[in-house]
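The values are calculated or read from the model by the stated rules, or taken from the named source; none is laboratory data. Every value quoted in this text rests on a predicted model; they were computed, and no experiment measured them. We work out accessible area using only protein heavy atoms, side chains counted, and drop any ligands, DNA or RNA first. Shrake-Rupley method; radii C 1.70, N 1.55, O 1.52, S 1.80 Å.
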Amino acid sequence: MSKRAWVGLSAAALVVALAGGSYALLLSSVNDAIERSFAEFRASLPPGAVFTHGPYDVDLLARSVTLASPTVDFNGYGGMGVLSAAEALVLGLEPDQGETRASQVLLTAVSLTDPSDAGNALTVESVEARDVMIAGDPADLQQALLATTLGSLQAEGFALASDELVFSLQELTLTDMDRGRLGGFGLRDFTLDVEHPTDDALIVLQSLSMSGLDLSEMLLQADVAEAVDWRGGLLAAELESLQADGVALGSGTLSIAFGDLQIAEVAAGQLGAFRVSDVLVEETGPSDPGKLTLDLFSVATVDLSPFLTQPPPGLDGLSDAEAFDLGFQFGMGLAASLTGFVLEGLRLETPELGGPVELAALRLTDPQIVDGRVVGGFSEMQGLSIPFDPGISAQARRLWSLLELEDRLVISATADQRYNSQAETLSAAHTVTLHDMLELDFAVRLGNLETAPHAGMSEADLQVALLAATLGGAELVLTDLGLLRPAIEVYASQAGLSPEQLIGQLVVNGAEAVRAFQIGPAGLEALRAAETFLLEAGSLQVVLAPAEDVPLLMLGIAETPADTLELLNPSFTAQP
């Protein structure tokens, strides 16, 4: 049996030992009843364990038992030393056949020593339980936990210090424990600091609270003598809500912290909601330093069941590329399960980037779900700010300087995608804005899609779907919001030309390309619209309106550009 199992069993059995003889108080002497309870407790201990105690006192009117210095010496069994308390008090005993009730159980100055070093001891100032009902066989920990009810439990002042480990917990609380279910669970001021030459770690938690935690199925399936099946446990557990505040995790040169974490409605590996704020992830090692901060990440629902029902592949022996592919596949599978999310205030800093990458916001709202997959919805990206690559051209840097912009690209975008399962069509509309100075709008309608493309689709399945798809129509609109004219001036100056001369040269080069590729009237129409757009700014519109839906495969096998344009039936217009 595991160490944790014996600690729990000993605590439960100790309460039974204190309470079990009370039913016999009216039938035999008090001392005989108490001694019989102690004998039963000793018999339930593992081989080699020894139970001792000091004087005890019984108050018949208060139905209470007070026991001095209850002690269990495990003699190294299960890696444990001596479990003891300065005093144990049980009030309001109501023994009955098959169960024992008490209004209050109080243990003070509790300690558990390390058998290899008696100086290393876990100490607890006090443990108090109220409205306790213990039933079942205390030797069967699973059955005893499922049969036990508890109005509340409060433990204070946990501490453990050794050469390699420091642990402290100010308060632990449980409420409404009933046959494997907890109404509430809480921790306050938790610290675990492990200092080891090769494996140090730090965990700090200001507070943690959970409500509606149901571990009954997990306890029924668990084998306390075996290693914990965490995947099966998560699938079996249920939880109404969880909130953690002031969390910090560290190991080696990696540290993770967040101010607030909230989870709601957990069942069968699915999370009804997930929210984390004020996130900091920092790597300070010399090989790959970096820092990521995030103001907020919130998800409507998360389905983790596929990852919990299948064992994760081993990472040993994988190359960096294989490990990356595995992580990417995991991320794509997780993304496919998200039915809506909000990400705000992302900032990433690494030496390779030459400056921070920032993202003001990323959102997915109004999702469209088909067969459990998110196949559409409205998504929005605001303020993606990327530093210039060191190799960017001098003209681009001069243009940005002329526009009084930082050496960065700032992009915003929206996407609205909808799938019609009856018509087997997909309609998508996208908008991309560069520095609020140039905007691109693109809309497309695809047909003959038996399955809607989604984030969880494999690359091979996506290619098969697109090869069978048809193009019903598309529209592209490029709108200048102040970038076009300065760009023409910069590149014209670089070439020693006026803006009008540069545009004229571009038009001549375009006309030669139209003739060389035999594009025909459509090419000339596109050239006239482009010239108007370059001279007068405004907007440039391209519309594809095929007479009938065109298979995408045909666009790839058309013999000439003119054949392709004939299939697409394009039109080109420019508006000042």
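Numbers below:
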{"quantity": "From phi via Karplus (6.51, -1.76, 1.60), per-residue ³J(HN,Hα) for the range 65-74 in Hz, x at Gly/Pro", "calculated": "10, 10, 10, 8, 6, x, 9, 10, 9, 6"}
{"quantity": "Three-way shape label, the range 231-278, alpha-carbon gyration tensor, a/c 1.5", "calculated": "oblate"}
{"quantity": "Accessible area (Å², 1.4 Å probe, nearest 10) - HIS430", "calculated": "70 Å²"}
{"quantity": "HN-Hα J in Hz across the range 85-94 - Karplus 6.51, -1.76, 1.60, θ = phi - 60°, x for Gly and Pro", "calculated": "9, 5, 7, 10, 10, 10, 10, x, 5, 9"}
{"quantity": "Under-5 Å amide H pairs with LEU304, H placed in peptide plane, nonlocal only", "calculated": "GLN270, LEU271"}
